[in-house]
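The values are calculated or read from the model by the stated rules, or taken from the named source; none is laboratory data. Predicted model, so just to flag it, every value in this text is computed and none were measured. Here Cβ is always computed from backbone atoms with ideal geometry, including for glycine, and neighbour counts include all displayed protein chains.
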Amino acid sequence: MSKVNIKKGNVFLIDLTKCTGCRGCMVACKQWNQLQAEETDFFSGEGYQNPRSTSEHTFTLIKFREYEKNGKIEFSFYKEMCMHCDDPACVSVCPVNAFVKTPEGPVIYESDLCIGCRFCMIGCPFNMAKYEWSKKLPLVKKCDGCYSRIKEGLEPACVTACATAMDYGPHDEILKMAQQRLKQFPDRYLDKIYGKDEAGGTGVFYLTSEPFEELGFDTVTKRALPSYTWPALSLVPATFLTVGAGLSALTWITNRRERIEKEKNEKLDKQNSTESKEEQI
Amino acid sequence: MSAARSISNEFNSYHWFVKLMMMLVVVGAVSAIIRFVFGLGATTNLSDRYPWGLWVSFDIVTAVPLAAGAFTLGAIVHCFNIKKLEPLVRPAIVTGFLGYSLVCVGLLVDLGQPHKGWHVLIHWNLQSPMFEVAMCVLAYTTVLFIEFLAPVAEKFGWKLSIRVLRWFELPLVILAASISTLHQSSLWTFFVIAVDKLHNLWYNPLLPLLFFMSAICAGICIIILEAISCHKWMGQPNEDELLATLIKILPWTIGAYIIVRILSMIFLGGRPVFDTPVMTWLFAVEMGVGFILPFIMFSRMSIQNNVRFMGSAAALLIFGVIMNRFNVSMFGMMDPNEIYFPSMIESLVTLGIIAAHILLFVVIARHFPIFEHHTEPEEHPLPAYSRS
Ligand code: SF4
Ligand code: SF4
Ligand code: SF4
């Protein structure tokens with residue numbers, strides 16, 4: 001297991017072939033973040049996980065997935081959490097900079113700044129920003145990568161709790177570890193690291209034996225999300241100046257014609273009047 | 001006592017429709033109070049799946065283009081120098097000012113932390129479309145407010161202010177148009193970030209441009225509808241002749257929008273496009289009924305100078321724009337397994353906001369000189385350059 005290096009960006013490695021579905025990470029996360037318990041229910045559909053989805057009270061969730069393989073029913077687990085993107089949409093869309101990508105890796109949220117517009121929830125490609133719908137003055141809630149622990153050189157609570165499937169450490173080391181596993185056991189893994197390129201690169205890498213779509217992973221664009229909006233936004237000052245200058249020029253031209261005509265008329269008037277005066281004399 | 005009587009006299013003198021509006025405003029205000037007392041989660045149908053609902057879709061994303069008439073007309077009259085449309089400018093400014101003020105109200109109701117709304121002013125994030133729109137809406141509401149001061153000053157006969165305002169008129173018109181260009185388009189940059197969420201029928205990188213173009217069309221159509229209804233119900237002069245001039249502009253703007261819309265969908269949009277029948281229907285209605293039909297109506301009108309269908313064509317286009325905004329901000333991101341429907345409180349607040357707009361317009365139109373045709377009075381001499 002590699003060590004946390006607070007000088008470098010750290011990432012998670014979650015090996016789903018090794019996840020036993022014990023949900024120790026969920027419990028550890030609840031404890032560390034002092035999150036209240038949720039009432040759960042039995043539902044059909046995506047799986048038998050409880051609760052149904054991550055929420056203001058649940059930052060990480062082990063999803064349970066059933067699928068068919070060679071005519072047999074198989075199942076798999078999948079840990080859902082904030083992906084701590086390299087260039088996160090939540091950071092770029094927030095009007096007041098409430099989200100910050102820290103150099104240590106985690107994407108954190110400063111609740112003092114948040115105005116509650118919920119744009120981060122629309123922006124996040126993994127739908128990981130949740131809202132405190134139970135509160136009167138709600139804030140955004142999500143996994144903060146246990147930032148307070150990382151700063152002290154400790155692993156995130158969920159990684160510490162996990163006996164088998166999770167590793168945490170500097171980006172390059174973890175990536176090498178993942179690639180090594182893929183090379184070493186090509187028949188155990190699907191040859192892909194989910195999270196490496198998704199949304200322009202994230203801080204959580206997944207390894208699995210089954211197609212990611214079947215496990216319920218969203219197919220997410222490979223481009224960093226802010227790069228979609230930036231082209232339009234970077235045009236803002238130029239547009240402002242162009243429209244302003246263009247309209248000013250247009251106004252000047254259209255009004256000039258009138259003014260010239262008016263001046264001509266006035267001159268004529270004056271000439272006429274002086275002429276008439278001269279005549280009188 | 002006499003104050004109360006004059007208020008009740010004023011109240012009684014209104015048409016029943018206006019009284020209905022007053023009731024809706026009161027109901028809306030009460031609903032807004034309930035929303036603040038019990039919180040967003042308890043009073044709305046918003047959820048983690050639908051963080052934005054009716055309030056964003058209508059009160060902000062739809063209301064802003066509907067209030068675009070003020071800057072469009074200002075630019076047409078003063079920059080393109082089509083001076084005969086001048087009488088329409090003031091009602092448009094009043095509509096715009098009301099519209100934007102109510103957008104601000106809608107925004108405050110929707111924010112989870114409204115008391116911190118001012119943070120936008122000090123914690124700038126230039127990467128955020130929301131930041132840009134918020135700043136523009138604030139700036140533009142201020143500009144509209146100053147423009148709106150003109151009839152107020154005239155009503156109370158503040159000569160100096162009238163002169164100063166006149167002097168600022170042109171710079172304000174240009175400023176208004178530039179700011180509007182920015183936020184009318186940036187509103188759609190909101191949804192450019194929803195890469196894999198918004199349906200391909202609507203998602204494409206030209207969204208900001210399209211949003212801007214359709215806002216211009218919507219703004220002009222609102223002016224048309226407004227002029228027609230003021231003539232019909234408020235005893236204002238018939239402006240049909242002026243409107244006919246305005247109508248000559250419309251086929252061009254709508255046509256340009258339709259062309260860019262379809263080309264961008266073919267060449268820049270994602271695939272697949274027509275995979276869900278519901279979305280295809282929504283798109284067909286939006287495009288067919290809301291844009292292409294009024295385009296045909298307006299273009300035939302300008303040839304024959306026939307203004308008979310003007311009102312219905314304008315209404316259709318406005319329908320198209322509203323539909324388009326809802327498709328982008330709500331329907332196009334729907335999950336068929338979990339449909340969002342606005343709650344009672346959400347609907348009542350929005351109804352209240354619409355009613356407040358109509359009501360305030362009627363009251364202002366009654367008490368302030370917004371419909372008088374202005375020939376510049378001699379006692380307010382103007383600086384030469386802005387004389388029209
Ligand atoms: S997964 Fe979502 S919330 Fe987490 S960093 Fe990325 S964009 Fe932000
Ligand atoms: S809800 Fe808060 S954190 Fe999210 S984008 Fe709005 S202000 Fe930023
Ligand atoms: S990193 Fe911390 S906050 Fe995030 S899921 Fe793990 S324990 Fe929870």
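Brief remarks on what is shown
- Number of the exception - A:GLY145 against (1) more than 14 Å from chain B (Cβ to nearest Cβ); (2) more than 23 Å from A:THR221 (Cβ to Cβ): (2)
- Helices (runs of 4 or more DSSP H) completely within the range B:30-80 that count 2 or more residues being in contact (Cβ under 8 Å) with a residue 40 or more places away in the chain and closer than 25 Å to B:TRP167 by Cβ: B:69-74
- Given (1) assigned to a helix (DSSP H, G or I); (2) modelled with pLDDT under 85, number of the condition B:VAL307 does not satisfy: (1)
- Search result, residues across the range A:50-74 that are part of a loop (DSSP other than H, G, I, E, B) and among the small types (Gly, Ala, Ser): A:SER53, A:GLY71
- Screening A:THR102 against (1) β-branched (Val, Ile, Thr); (2) over 26 Å from B:PRO114 (Cα atoms); (3) over 15 Å from the mean Cα position of the chain (by Cα) leaves a single unmet condition, (3).
- Tally, over the range A:131-140, of residues that are crowded, with 22+ Cβ neighbours inside 10 Å and within 16 Å of ligand 3 (Cβ to nearest atom): 1
- The range A:86-109, residues that are in contact with a strand residue (DSSP E or B) (Cβ under 7 Å, 6 or more places away or on another chain) and on the phi < 0 side of the Ramachandran plot: A:PRO88, A:CYS90, A:VAL91, A:ALA98, A:PHE99, A:VAL100, A:LYS101, A:THR102, A:GLU104, A:VAL107, A:ILE108, A:TYR109
- Of the criteria (1) within 12 Å of ligand 1 (Cβ to nearest atom); (2) without any contact (Cβ under 8 Å) to a residue 12 or more places away in the chain, which one A:CYS85 fails: (2)
- From the list A:ARG188, A:ARG223, the one residue that fits, being within 10 Å of chain B (Cβ to nearest Cβ), part of a loop (DSSP other than H, G, I, E, B) and within 52 Å of the chain's Cα centre (by Cα), is A:ARG223.
- Counted residues, the range A:112-132 - those being within 7 Å of chain B (Cβ to nearest Cβ) and aromatic (Phe, Trp, Tyr): 2
Conditions (1) assigned by TED's automatic domain parsing to the domain that holds A:SER76; (2) under 15 Å from the mean Cα position of the chain (by Cα), marked per residue:
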residue: A:PHE119; (1), (2): no, yes
residue: A:LYS136; (1), (2): no, no
residue: A:ARG149; (1), (2): yes, no
residue: A:MET177; (1), (2): yes, no
residue: A:LYS196; (1), (2): yes, yes
residue: A:THR202; (1), (2): yes, yes
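- Residue match in the range B:213-234 (condition: within 13 Å of chain A (Cβ to nearest Cβ), closer than 28 Å to B:PHE145 by Cβ, surrounded by 15 or more Cβ atoms within 10 Å (Cβ to Cβ) and in contact with a helix residue (DSSP H, G or I) (Cβ under 9 Å, 6 or more places away or on another chain)): yes
- Close contacts from the range B:167-178, counting a first residue that is at positive phi and a second that is surrounded by fewer than 19 Cβ atoms within 10 Å (Cβ to Cβ) and not in a helix (DSSP H, G or I), with Cβ to Cβ under 7 Å and a gap of 6+ residues or different chains, come to none at all.
- All conditions but one from (1) surrounded by fewer than 24 Cβ atoms within 10 Å (Cβ to Cβ); (2) of a type outside the set (Phe, Trp, Tyr); (3) away from ligand 1 (no atom under 15 Å from the Cβ) apply to A:ILE115; the one that does not is (1).
- Those residues of the range B:128-159 which are in contact with a Phe, Trp or Tyr (Cβ under 7 Å, 6 or more places away or on another chain) and either at the interface with chain A (Cβ under 7 Å from one of its Cβ atoms) or within 24 Å of B:PHE36 (Cβ to Cβ) (or both), in sequence order: B:PRO129, B:MET130, B:PHE131, B:VAL137, B:THR141
- Apart from one condition, A:MET128 fits all of (1) closer than 26 Å to B:THR189 by Cβ; (2) of a type in the set (A, V, I, L, M, F, W, C); (3) more than 16 Å from ligand 3 (Cβ to nearest atom); the exception is (3).
- A:TYR168 falls short on exactly one of the conditions (1) part of a helix (DSSP H, G or I); (2) hydroxyl-bearing (Ser, Thr, Tyr); (3) within 30 Å of B:ILE193 (Cα to Cα), and that condition is (1).
- Filtered residue count, the range B:69-118, keeping only those that are facing chain A (nearest Cβ under 9 Å) and among the small types (Gly, Ala, Ser): 3
For every residue, the table says whether it meets (1) within 14 Å of another protein chain (Cβ to nearest Cβ); (2) within 16 Å of ligand 3 (Cβ to nearest atom); (3) acidic (Asp, Glu); (4) outside any strand (DSSP E or B).
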| site | (1), (2), (3), (4) |
| --- | --- |
| A:GLU155 | no, yes, yes, yes |
| A:GLN179 | no, no, no, yes |
| A:LYS183 | no, no, no, yes |
| A:ALA199 | yes, no, no, yes |
| A:THR202 | no, yes, no, yes |
| A:SER209 | no, no, no, yes |
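- Looking only at residues in the range A:24-47 that are at pLDDT below 90 and either crowded, with 18+ Cβ neighbours inside 10 Å or among the aromatic types (Phe, Trp, Tyr) (or both), the one that is nearest to ligand 3 (Cβ to nearest atom) is A:GLY47.
- Failed condition for A:SER248, given (1) in contact (Cβ under 8 Å) with a residue 60 or more places away in the chain; (2) over 30 Å from A:GLU66 (Cβ atoms): (1)
- Among residues that are touching a Gly at 6+ places or on another chain (Cβ under 6 Å) and either within 13 Å of ligand 3 (Cβ to nearest atom) or in contact (Cβ under 8 Å) with a residue 24 or more places away in the chain (or both), A:ARG65 is included.
- Any chance B:LEU126 is surrounded by fewer than 17 Cβ atoms within 10 Å (Cβ to Cβ), assigned to a helix (DSSP H, G or I), without any contact (Cβ under 8 Å) to a residue 12 or more places away in the chain and not polar (S, T, N, Q): no
- Count - residues of the range B:185-206 that are within 18 Å of the chain's Cα centre (by Cα) and farther than 16 Å from B:VAL56 by Cβ: 1
- Verdict on B:LEU165 being in contact with a helix residue (DSSP H, G or I) (Cβ under 7 Å, 6 or more places away or on another chain), assigned to a helix (DSSP H, G or I), farther than 30 Å from B:THR276 by Cα and within 14 Å of chain A (Cβ to nearest Cβ): no
- Selection count, the range A:80-112, where residues are in the same structural domain as A:THR17 (by TED's automatic domain parsing), in a strand (DSSP E or B) and either within 10 Å of ligand 2 (Cβ to nearest atom) or crowded, with 24+ Cβ neighbours inside 10 Å (or both): 0
- Close pairs from the range A:110-121: first on the phi > 0 side of the Ramachandran plot, partner assigned to a helix (DSSP H, G or I), Cβ under 8 Å, at least 6 apart: A:GLY116/B:PRO114; A:GLY116/B:LYS116
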